[in-house]
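Below is one structure, written out as C-alpha cells; the observations come after it.
Bear in mind that the values in this text are calculations on the coordinates, not laboratory data. These figures come from a predicted structure and were not determined experimentally. A quick note on method: Cβ atoms are made from the backbone with ideal geometry, for glycine too, and the neighbour counts reach across all protein chains shown.
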Amino acid sequence: MPAYDFRTPRLYLEAPLAAGTMLPLDRNQSNYLANVLRRKNGDAVLVFNGREGEWRTQVEGAGRKGMALSVVEQTRPQTAPADLHYLFAPLKQARLDYLIQKAVELGVSRLVPVLTRHGQVARVNRDRARANAIEAAEQCGILNLPEVAAPVALPRLLAEWVPERLMVFCDEEAPVADPIAVLQEARRSTPPLLGPLPVSVLIGPEGGFSEEERSALVKLPNLVRLSLGPRILRADTAAVAVLALVQATLGDWR
C-alpha cells in the first residue's frame, strides 16, 4: 500500500476522478482552500470520492471567481470497506458528532440509529451526520465513507435481521469477562464464510435496554453478549471502546 501523505490537505468530492480532468469547487471549498489553508495556483491537494481511490490534484484559477483542481495522478487505489455496522441509540448533538467521527476513524461502514424504549433522542440530522463523517475521512486519510441509515425502531431491526451477521450486543447485564476472549470465541463458533466476517455492534441508550428488548435480542442467532467492564461508560465512550475491541479481534487490525 502506498505511504499516506500526512501533509497535503484532502477534500472529499462527489465528482468522478480521472487524470487530466478539471474539478470546479463550490464556494465553501474554494474559501476553505484559499482563505483557511492559503492554497495558491500549483499547490497540491488530495481528493477522494469513496469510489475511485485518492488522487493528487493541483490548484488552478485561484482568485475571486472561485477555484478548480486539475487531477494529476492517483496516489492510492480504492480499498474495499469493512463490513462493520454500528447500531446505536441516538445521542444529543455534540456527543453524536463525536461518536460519528470516531466510528468513521475506526472503520465502520454503516451507521444505524436505533430507537429504543429508554432512548432520550428520537431524531438524527442525517445531513449533519454525513458532514461529520466526511470531515473525519478527510482528516484521517480514509477512502470509504459509511452509509448513514435512517433511524429504525429496535423491533423492526430485529424482525429484519440477517442471521449470517454476527451481532455483538453490548449488554450491561452480561457477566464481566475478558472481552478479547469472548470475541475470539464468537469468531471460532461462527460458521465459516467465503469473505470477511460481517459484524454489527449494538449499544443502547444510557438508560439501558428494557427487559422485553433484552429478551428479544438474546433470541437472535449468531449473537454474543459483551460486557465493557466493571465501570459505567457513556455511550460515546463505549463506542470507541467496543469498536477498538472488535477491530482488534474480528476486523482489519489483525
Inset, instruction - Show that you can apply the helix-only estimate: for the chain, add -39,500 (n - 2.57) for every DSSP H stretch of four or more residues, divide by all residues, and state [θ] at 222 nm to the nearest 500. - result: -8500 deg cm²/dmol
Legend entry - Options (1) 48, 16, 14; (2) 39, 20, 15; (3) 29, 23, 16 - which one matches semi-axes √(5λ) of the Cα gyration tensor in Å as calculated here: (2)
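What is the calculated FRET efficiency for M22 to A44, with r their C-beta to C-beta distance and R₀ = 22 Å, to the nearest 0.05? Walk me through the numbers before you get to the answer.
Details: r = 15 Å, r/R0 = 0.70.
Once the sixth-power term is evaluated, E becomes 0.90.
DSSP loop (so not H, G, I, E, B), at most 15 other Cβ within 10 Å: list which trypsin sites (Lys or Arg not before Pro) in the stretch 8-74 pass both filters. Please list the in-between numbers first.
Numbers: sites: R10, R27, R38, R39, K40, R51, R56, R64, K65; in loops: R38, R39, K40, R51, R64, K65.
In loop regions of the stretch 8-74 (DSSP not H, G, I, E or B), the sparsely surrounded trypsin sites (Lys or Arg not before Pro) are R38, K40, R51, R64, K65.
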Legend entry - Top positive-direction residue, dipole computed over the stretch 113-223 with Cβ charges, set G204, A131, L166: A131
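Based on the Cβ-Cβ distance from S210 to E135, what FRET efficiency comes out when R0 is 41 Å, to the nearest 0.05?
On the way: r = 35 Å, r/R0 = 0.85.
After rounding to 0.05, the efficiency reads 0.70.
Going by average Cβ density within 10 Å per residue, which order do the peptides 161-169, 196-204 take, highest to lowest?
196-204, 161-169
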Inset, instruction - Starting from the Cα-Cα distance between R254 and E173, subtract it from 0.36 nm times their residue separation and give me the gain in nm to one decimal. - result: 26.3 nm
Legend entry - Dipole magnitude of the stretch 214-254 about its Cα centre (Cβ charges: Lys, Arg +1; Asp, Glu -1), debye to nearest 20: 220
Inset, instruction - Answer rounded, prolate or oblate for the stretch 10-76, using the Cα gyration tensor with square roots of eigenvalues a ≥ b ≥ c: rounded when a/c is under 1.5, else prolate when a/b is larger than b/c, else oblate. - result: prolate
Inset, instruction - Can you grab the distance from the C-alpha centre of the stretch 171-245 to the C-alpha centre of the stretch 111-139, Å, no decimals? - result: 20
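Could you check how many percent of all C-alpha pairs in the stretch 35-120 are farther apart than 23 Å? Working shown, then result.
Working: 1819 of 3655 pairs.
Result: 50 percent of Cα pairs exceed 23 Å.
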Legend entry - Cα gyration tensor shape for the stretch 186-254, rounded if a/c is under 1.5, else prolate or oblate: oblate
Legend entry - trypsin sites (Lys or Arg not before Pro) within the stretch 97-139: DSSP coil, no more than 12 neighbouring Cβ in 10 Å: R123
